[in-house]
1. Using 0.36 nm times the number of residues separating Ala174 and Asp352, minus their current alpha carbon distance, what extension gain do you get?
2. Less than 16 Å apart at the alpha-carbon level, and either on another chain or at least 8 residues along: which lysines does that give for Lys217?
3. Does region 203-285 come out rounded, prolate or oblate, given a ≥ b ≥ c as the square roots of the eigenvalues of its C-alpha gyration tensor, rounded meaning a/c under 1.5 and, failing that, prolate meaning a/b above b/c?
4. Could you look at the chain and say what percent of its accessible area is carbon and sulfur, using a 1.4 Å probe and all protein chains?
5. What is the magnitude of the charge dipole of region 228-291 about its Cα centre, with +1 placed on the Cβ of each Lys and Arg, -1 on the Cβ of each Asp and Glu, and no other charges, expressed in debye to the nearest 20?
6. Roughly how many Å² is the accessible area per residue of the chain, as a whole number, for a 1.4 Å probe?
7. How far apart, in nm, are two points set 7 Å out from the Cα along the Cα-to-Cβ line at Asp131 and at Ala75?
8. Relative contact order of region 304-418: what whole-number percent is it, with Cα pairs under 8 angstrom and at least 6 residues apart?
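The values are calculated or read from the model by the stated rules, or taken from the named source; none is laboratory data. Since this is a predicted model, take the numbers as computed values, not measurements. Cβ: placed from backbone, ideal geometry, glycine included. Neighbour counts: every protein chain shown. Surface accessibility is based on the protein's heavy atoms, side chains included, excluding ligands, DNA and RNA. Shrake-Rupley method; radii C 1.70, N 1.55, O 1.52, S 1.80 Å.
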Amino acid sequence: MRALRWLLVLAALGLAGCGREAPAGAARPFPQHVGYPGQQAAPGRYPQEDLDAHVRAYYGEWKRRYLKVAGRDAAGRPLYRIVHSLKKPDETVSEGMGYGMMIVAYLAGADPEARELFDGLFRYVQAHPSDVDPRLMGWIQPPDGNGNDSAFDGDADIAYALLLADRQWGSGGAVDYAAAARTRLEAIAESTVGPASRLPMLGDWVDPGGRLEEDLKYTEFSPRISDFMPAHFRAFGAFTGDALWDEVEAAARRAVSGLEEGYSPGTGLMPDFARPVHDMGFPLKPVEPGFLEGPHDGDYDYNAGRYPWRASTAVLLYGDAFWRERMDKLSHWAESATGGDPARLNAGYHLDGTPTEGQAYFTVFFAAPLATAAMTQPDQQAWLDALYEAIHDRHEDYYEDSVTLLNLLLLSNNYWAP
């Protein structure tokens with residue numbers, strides 16, 4: 001009888017088994033109106049109900065454009081995927097699957113289909129494993145001919161989304177979200193975290209010690225800076241009890257501090273990718289053009305533009321002083337560089353703050369994370385309001401819109417930690 005009573009207590013606390021039992025509906029339905037410990041400002045031109053309505057409307061259009069049926073599994077259950085681009089509607093990337101799973105989990109309650117969609121998205125992830133570590137997802141589907149391997153950010157967001165799902169619906173249903181998160185986090189730790197650097201590696205294809213024939217080009221010391229996700233790392237550590245995730249965040253701090261001191265002391269801007277000043281180890285420097293994706297790999301471009309969102313999340317959810325200081329510099333630089341007018345934001349910058357050439361156009365991709373950064377500052381209300389006005393109802397393509405929607409969840413105080 002004593003054992004039964006203890007099991008009932010555990011069940012009530014959500015601690016029995018691998019995960020919590022599935023509640024009748026969403027445990028944290030949208031909207032949530034979370035009080036962020038690190039918040040200094042909020043969009044001021046609209047009442048809360050309008051901010052919530054903006055998220056719902058943006059989600060509705062995002063879902064219509066990008067969330068697609070992708071067949072059925074062997075049991076006849078539907079699969080869903082996020083399209084990579086309106087120009088490439090047949091492609092899907094793991095990054096998009098992570099974004100989509102997070103978004104759907106946060107919109108549960110507002111969307112009665114949320115759990116079905118989430119499970120179908122996850123079934124698609126499971127159906128497309130990496131050839132290197134099959135516990136992770138192959139980064140692009142269909143494979144592009146350069147190897148079916150993983151990308152750190154996609155799997156990290158998928159793991160975080162599984163933690164959200166465990167809190168939202170419990171793990172006693174068709175999918176054991178907690179067990180799936182644990183398996184993916186073990187794989188991420190074993191295959192995509194540098195054993196010596198503790199930095200996120202680009203994916204499971206990277207040899208931590210480098211490839212000599214490529215002159216140590218891709219190693220455990222050549223990260224994508226937007227893979228620094230300190231709020232995710234905190235959640236992963238809390239869930240697993242593994243001190244590794246404290247080490248990963250500490251390594252990210254070390255990398256960012258060195259890059260800022262050496263290359264962006266006046267702006268706080270980060271490059272898309274970094275590599276060692278010397279053959280291996282810290283400190284890091286911005287990479288050369290054409291390192292992995294294009295001519296702006298060493299600039300604040302279409303990877304690093306996510307950095308303010310990732311860093312600001314740690315400030316808002318946890319009140320972190322280190323990341324607040326980083327956002328203080330970057331956010332004030334951005335306001336000053338544009339004269340407080342978001343329309344003057346360039347779509348990319350060199351680390352000294354000069355605009356990159358040929359990219360003099362506005363996109364929500366760069367503006368939305370800067371709006372979240374402004375939430376961490378007590379003296380940027382006008383800048384925050386101007387950024388919010390520029391993004392809350394503007395749609396572009398999958399990448400820009402997905403990042404914007406995740407930032408709108410933060411901006412409306414509807415982004416919660418699992």
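1. Values: separation 178, 0.36 × 178 = 64.08 nm, distance 5.09 nm.
Here the answer is 59.0 nm.
2. Those lysines meeting the cut-off are Lys285.
3. The shape class here is oblate.
4. Numbers: 8130 of 15670 Å².
With neighbouring chains kept in place, the figure for the chain is 52 percent.
5. Details: 5 positive and 9 negative charges, 15 e Å.
With Lys and Arg at +1 and Asp and Glu at -1, about 80 debye.
6. On the way: 15670 Å² over 418 residues.
Per residue, the chain has an accessible area of 37 Å².
7. It works out to 2.9 nm between the two label points.
8. Values: 149 pairs, mean separation 32.3, N = 115.
Once normalised by length, the contact order is 28 percent.
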